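This report concerns only the one structure given below.
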Amino acid sequence: MLRRLLTPTSSRRILSSTIPFFSKPSLSPFSSLSTSPDPPCSESSTVEHVQEAAGTTISVDRSALFTPLEHSPEPTPDSELVKHLKSVIKFRGGPISVAEYMEEVLTNPKSGYYMNRDVFGTQGDFITSPEVSQMFGEMIGVWTVCLWEQMGRPEKVNLIELGPGRGTLMVDLLRGTSKFRNFTDSLHIHLVECSPALQKLQRQNLKCTDESSSEKKAISSLAGTPVHWHATLEEVPSGVPTIIIAHEFYDALPVHQFQKSPRGWCEKMVDVGEDSEFRFVLSPQPTPASLYLMKRCTWATPEEREKLEHIEISPKCMDLTQEMAKRIGSDGGGALIIDYGRDELISDSLQAIRKHKFVNILDDPGSADLSAYVDFPSIKHSAEEASENVLVHGPMTQSQFLGSLGINFRVDALLQNCDDEQAESLRSGYWRLVGDGEAPFWEGDDEETPIGMGTRYLAMAIVNRSQGTPAPFQ
Ligand code: SAH
């Protein structure tokens, strides 16, 4: 059944180097808003419940979900993070932006959501494509080898992954490309990861040997590849041809939210009310992020600007993209970004998910994941603005991307060499990666029906001009 998709990586991976891989709140004067924002709305309502053995893990594909918000049944004592957020607001003498709130909630060094646990594991809240099927990381491997070929097969390449989670994508990429020794020999892997707990897990899953006394570097015995860990992209050494992978990383970057009011566009802020609860308020005057709002609006169409009552922007997304584009522009190579998002201005998409259900964004911060739709036009324009030497391709849907890279051949090859249980797991994993909506072949429990992520996830590439157009964006 579907739970097999979440059984440990090692047992569900079909280790097939023999199977051909390449078939080719409020201080006046802020105006108060409701403490319960509208739930995120979207055209399709898809919550996936995935049962795992006795421990019962529920995992959720976070995109395109709609459910009523859940509140904690009873007030609980303030957590460390809540105390911290309240003291920031108190000593700042006023509310903080949604972006600052989001950043603290996700990555506060002591108690941020990602920092101390495996959010994908038995306590997990959601599932990502690399965890759904080994084929995802393998296809990213195909993309990476193709780009490396277009780069002229350099002898040394920095392969950077932003936000590697459990490291599953990189494990599947290395295993899938293991026959291409010249490629794997060229790799220097750099993992950009803020969470010490996840860094540890990545080290284990990449089967790293402790040849160095440093916690920040090791050798992966999967391909004899050096692996380095960094907290930010800036820390990764430059001057070497570079390939960057960012899967479900951008959606965790902090967003600022703006709302149209009789006073014009106001930034939505987080404050503490007289009842000591967090609440949203509107800024009385322009905030520093308004500069980014103006910039983002210059990239919008007049129709987009007119119809929106809310706008969500991510300066971090713009700055990160500029850093990536500059690197690729000067060092050569390219970046692949895959995430759920839209090829248009984003209105109001920030959502919080805890234990497979939507919860209020302000409820018990640090205990739920926060994520927002990725604004793909903003990535494109930021990259083009940062470097004349790069070209941006896409976005295209994940389904088109994986299909054009040959996932159909891969699933067929794997199906030749597996038992019935593995075949069922492969088919539902395949559907999840490339399908759209509910899997028509499903005969199990309704609530376990695999839901396709194929059209809600988009892929975009930023590539050095001299490399030509990358597969499969031709
Ligand atoms: N790419 C993985 C995990 C996605 S979850 C997958 O698809 O399965 C987001 C990942 O980014 C986690 O590993 C999280 O710890 C990391 N992350 C989130 N914000 C970050 C930041 N600001 N800096 C570095 N890593 C971050």
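In region 192-251, which strands (runs of 3 or more DSSP E) lie fully inside it and hold 1 or more residues that are within 16 Å of the ligand (Cβ to nearest atom) and modelled with pLDDT of 95 or more?
225-230, 242-247
Are any residues in region 402-441 buried (at least 17 other Cβ atoms within 10 Å of the Cβ), part of a loop (DSSP other than H, G, I, E, B) and more than 22 Å from the chain's Cα centre (by Cα), and if so, which ones?
Hits for region 402-441 are Gly406, Ala439.
Could you pull out every one of the helices (runs of 4 or more DSSP H) wholly within region 97-150 that has 1 or more residues that are within 9 Å of the ligand (Cβ to nearest atom) and open to solvent by 10 Å² or more (accessible area, probe 1.4 Å)? So that I can check it myself, show each step before the final result.
Working: elements: 98-107, 129-132, 134-150.
Output list reads 98-107, 129-132.
Please count how many residues of region 442-472 are outside any helix (DSSP H, G or I), at pLDDT below 90 and open to solvent by 20 Å² or more (accessible area, probe 1.4 Å). Lay out the reasoning, then the answer.
So in region 442-472, the residues outside any helix (DSSP H, G or I) come out as 442-445, 449-464, 468-472.
Then keep just the ones that are at pLDDT below 90; that gives 442-445, 449-451.
Going one step further and asking which of them are open to solvent by 20 Å² or more (accessible area, probe 1.4 Å), we end up with 442-445.
Of the residues in that region, 4 qualify.
Kindly indicate whether Leu159 is closer than 22 Å to Asp185 by Cα, away from the ligand (no atom under 11 Å from the Cβ) and buried (at least 19 other Cβ atoms within 10 Å of the Cβ).
yes
Take the residues of region 220-254 that are β-branched (Val, Ile, Thr) and more than 20 Å from Ser195 (Cα to Cα): which is surrounded by the most Cβ atoms within 10 Å (Cβ to Cβ)?
Thr242
Against the condition away from the ligand (no atom under 15 Å from the Cβ), of a type in the set (Gly, Ala, Ser) and at pLDDT 95 or above, how does Gly176 come out, does it pass?
Details: away from the ligand (no atom under 15 Å from the Cβ): yes; of a type in the set (Gly, Ala, Ser): yes; at pLDDT 95 or above: yes.
For Gly176, the condition - away from the ligand (no atom under 15 Å from the Cβ), of a type in the set (Gly, Ala, Ser) and at pLDDT 95 or above - is met.
Gly165 - would you say it is on the phi > 0 side of the Ramachandran plot and within 16 Å of the ligand (Cβ to nearest atom)? Please lay out each step first, then the result.
Values: on the phi > 0 side of the Ramachandran plot: yes; within 16 Å of the ligand (Cβ to nearest atom): yes.
Criteria met by Gly165.
Does region 358-374 hold any residues that are open to solvent by less than 20 Å² (accessible area, probe 1.4 Å) and of a type outside the set (A, V, I, L, M, F, W, C), and which are they?
Correct list: Asn360, Pro365, Gly366, Asp369, Ser371.
Which one of these does Pro377 not meet: (1) surrounded by fewer than 19 Cβ atoms within 10 Å (Cβ to Cβ); (2) out of contact with any helix residue (DSSP H, G or I) (no Cβ under 7 Å at 6 or more places or on another chain)?
(1)
How many residues are surrounded by fewer than 17 Cβ atoms within 10 Å (Cβ to Cβ) and either within 28 Å of Val119 (Cα to Cα) or touching a Lys or Arg at 6+ places or on another chain (Cβ under 8 Å) (or both) if we restrict to region 180-197?
Of the residues in region 180-197, 3 are surrounded by fewer than 17 Cβ atoms within 10 Å (Cβ to Cβ) and either within 28 Å of Val119 (Cα to Cα) or touching a Lys or Arg at 6+ places or on another chain (Cβ under 8 Å) (or both).
The values are calculated or read from the model by the stated rules, or taken from the named source; none is laboratory data. Quick caveat: nothing in here was measured; it's all calculated off a predicted structure. Don't worry about glycine lacking a Cβ; one is built from the backbone with ideal geometry, like all the others, and counts go over all protein chains shown. Heavy atoms of the whole protein, side chains included, go into the accessibility calculation; ligands, DNA and RNA do not. Shrake-Rupley method; radii C 1.70, N 1.55, O 1.52, S 1.80 Å.
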